[in-house]
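The values are calculated or read from the model by the stated rules, or taken from the named source; none is laboratory data. From a predicted model like this one, the values you see are computed outputs, not experimental measurements. Ideal geometry is used to build each Cβ from the backbone, glycine not excepted, and the neighbour counts take in all protein chains shown. Protein only, heavy atoms only, side chains kept; ligands, DNA and RNA dropped before computing areas. Shrake-Rupley method; radii C 1.70, N 1.55, O 1.52, S 1.80 Å.
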Amino acid sequence: MALADEMFKFKDEKPVPDKIFDYPVEGLGDRKIPVVIDNGSCNCRVGWATDEKPTMSFRNVTAKQRGKKENELQIGNDISNIDVIRWILRTQFDRNVVTLYDVQEQIFDHIFTHLGVNTEGRVDHPIVLTEAVVNPNYCRQQMSELLFECYHVPSVCYGVDSLFSFFHNHPKALDGVILDCGYQTTHVLPVLDGKLVSANCRRINLGGAHADFFMQRLLQLKYPGHLAAITLSRAEELTRAHTFFSVDYGGELARWAETEYYLKNVHRFQLPFTPQPGSQVSAEQHSQRREQQIQRLKEANTRRRMEKLGEDEEELQRLMTVQDLMMEDDDEALARAMHNAGFKNMEELQTAVDKMTLTVQRARAKILGMELPPLEPETKESSFPLLDIPDEMLTPDQLEVKKRQRILKSAQLGRERAQALQREKRQKEIVEEKRLEDRRRCDFQGWLTEVRQKRLKIVEARNTRRQKKANMAKRGTLASQQRMRIISQLAAQSKKKDDNFGQNDDDWDVYKEINTEQGTSDSEADDEKLEELETMLKEHDPEFQKELDMAGMGEMNLAEYYQLHVGVERTRVPELLFQPSMLGVEQAGLAETLDYVLKKFDIPAQNALCQNVFLTGGMAQIPQMKQRLERELLELRPFQSTFAISVADNPVLDAWTGARRWAMSPRLPQSSITYQQYQEMGEGYITEHRASNCFFPTPAARPKEL
């Protein structure tokens, strides 16, 4: 099955700086329309309560280069390339809690300036502001002090973003469990009788930011050559738009191991690159280049064979020169030549001559191509007169010469037989080559398959020999143990004796026994045959050259090199939410935490909560999260118990939309902290409502003594 044709490209969208809007006094100013601020740890969304959608939405970060003036501070969408200056970014959040109020003040300045608020020294509009679940009193005190003392706002209404989203999607709901999948954290929030049960809320210190980081690291490990190109912004784009939750994670991993499923579901991304000059060639130029490469390959093979043939002929001539010394009476010269050549007796010399003769004849036949090798003429006239004379009629010296003549006669007959066998073998090879050529013309695919199978067989045999050679060097093999035994016996000999190992001819047998190199070299005939088959494949099969290029990291398609294949990462990254241990976070996953929270209540309360499990937050947008959670609850809940899961209409914007709806309702005055209440009650005062946090005194009030 072919890879999917669709090629994705990274959007790499550049943010547009926020527009400074006009401030219509007759409209917004006169009516004191509330300003709704969803102060998220990732994005800040701001707008007037009369707007259907947020007027502004920007990244909740600031950037100011060292040594620059204050007016060069960049906030949110003013930062054109956030990846370049990520190391100098500042945010007011520690996870999802505001802790840096100097940064928060800069964010508020940016908000009110771009909304067009131009009232001198104050913001005459009620503020509806989201905050973290169970926000510490100290953090709320600092926020109230900033809004009332610095901006002199008339009132502030604090609310939890996920509760605003919950009551926006379920206005009449009294019971439910909110699963808030945020950017830095994930919360499980039980709501009973329309009120948040703060004591049983639980937080997982993992969210969308960790999924983005995980995606980036996985791809950087997978493609180390594109380390800089795989930015956190691109990883965020992949996580948001190209991942999905697996209903059965184990089964999903098994399916990704199947080639057909992988090719069908993998997403390919093209990274930007600059084509090399001259890399675009026509089909005709490509064909000409290929023919030139094949011709150069053939010439190189022929030249290499000629060089090898010359070396083998010189070696054969040297051996035959030693053999011819048997016709002379100089026994001392013969013994010296035999020793220098490395032979102990005439039988070893004759074996080497026969082997080298076959090698030379085969090489000549290959170079001549389809022609049979000619009969090898004798270099000089051979005469063996003593062979026809009976031994009784010869002197002892003549008997020694007759023995040598018999050996030479046997060598000559052996060479003639070897040449005849070689001609017969070459004749069979010619017939086989003609058969393959005829099949190539009539059945090209069948011929191609046969040639590939022959090549594969030779390659496997060569690999087997090399593996055998490698195994002989391993300690645990039988051959290695035998070598160690012989070496230990040699070492155990008396140290008083002189070290004369190698002077005795029998020592050669010991050396051959312990030598790991002998007997394991590749067959020269197999190498020549492999060379022929690969030359044919390169000439007739273009795909074979591509395979060799990829295997040897030769020529490559530059566009393919700059491609990212996002496969199993599509389901592995969001799985973090259910298995934080994949990233090294020692906390329970979402399903386990939900089960833990439910068990904090009695059975009737558990059943009431499970009838309205609500998903919100950025990670809730990832496909199949609802189906995955249904499977988890089906396993967690008692047999035949019921539950219902719903997802926010817009998991990202519904927090702001719910806060806007609250700001336009008659309940806003009763749920806000006025400036007078702030002065009278102090910074820590909060007006509770069903979408807000509950107030817990810090330190906790002691019970009155009786």
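Numbers at a glance
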| quantity | calculated |
| --- | --- |
| Which of 128, 116, 82, positive extreme of dipole for region 78-130 (C-beta unit charges) | 82 |
| Region 627-686, accessible surface, carbon-and-sulfur percent (1.4 angstrom probe) | 51 percent |
| Net charge of neighbours whose Cβ lies under 15 Å from the Cβ of residue 138, counting Lys and Arg as +1 and Asp and Glu as -1 | -3 |
| Solvent-free Debye scattering, log10 I(q)/I(0), computed from the Cα coordinates of region 44-117 at q = 0.14, 0.23 Å⁻¹ | -0.47, -1.15 |
| Per-selection Kirkwood Rh - region 550-654 (Cα, Å, 1 d.p.) | 16.7 Å |
| Mean accessible surface per residue for region 561-682, computed with a 1.4 Å probe while every protein chain stays in place, in Å² | 47 Å² |
| Percent of alpha-carbon pairs separated by more than 19 Å within region 99-213 | 57 percent |
| Within the accessible area of region 190-244 (1.4 Å probe), percent carbon and sulfur | 59 percent |
| Leading residue at positive end of dipole, region 558-674 (Cβ point charges), from 644, 596, 577 | 644 |
| Sorted peptide list for 682-692, 651-661, criterion being average Cβ within 10 angstrom, highest first | 651-661, 682-692 |
| By average C-beta atoms within 10 angstrom, highest first, the peptides 570-576, 349-355 | 570-576, 349-355 |
| ³J(HN,Hα) computed for each position of region 14-24 - Karplus, 6.51 cos²θ - 1.76 cosθ + 1.60, integer Hz, glycine/proline x | 8, x, 8, x, 5, 7, 8, 8, 6, 10, x |
| Residue 43 long-range amide H proximity, modeled H, under 5 Å | 60 |
| Debye log10 I(q)/I(0) for region 590-630, one point scatterer per Cα, at q = 0.15, 0.27, 0.29, 0.33 Å⁻¹ | -0.42, -1.02, -1.08, -1.18 |
| Amide H contacts of residue 131 (H built 1.01 Å from N, under 5 Å, at least 5 apart or other chain) | 159, 160, 161 |
| Unit charges on C-beta of K, R, D, E only; dipole of region 634-706, Debye | 160 debye |
| In Hz, Karplus ³J(HN,Hα) per residue of region 215-223 (6.51, -1.76, 1.60; θ = phi - 60°; x = Gly, Pro) | 4, 4, 5, 4, 6, 5, 5, 6, 10 |
| Per-residue ³J(HN,Hα) for region 624-630, Karplus 6.51 cos²θ - 1.76 cosθ + 1.60, θ = phi - 60°, Hz, x for Gly and Pro | 6, 5, 4, 4, 5, 5, 4 |
| Flagged links, alpha-carbon separation over 31 Å, of 434/469; 11/195; 298/425 | 434/469; 11/195 |
| Furthest towards positive pole of dipole, 223, 187, 257, structure part region 157-307, Cβ charges | 223 |
| Residue order for 87, 662 - accessible surface, 1.4 angstrom probe, largest first | 87, 662 |
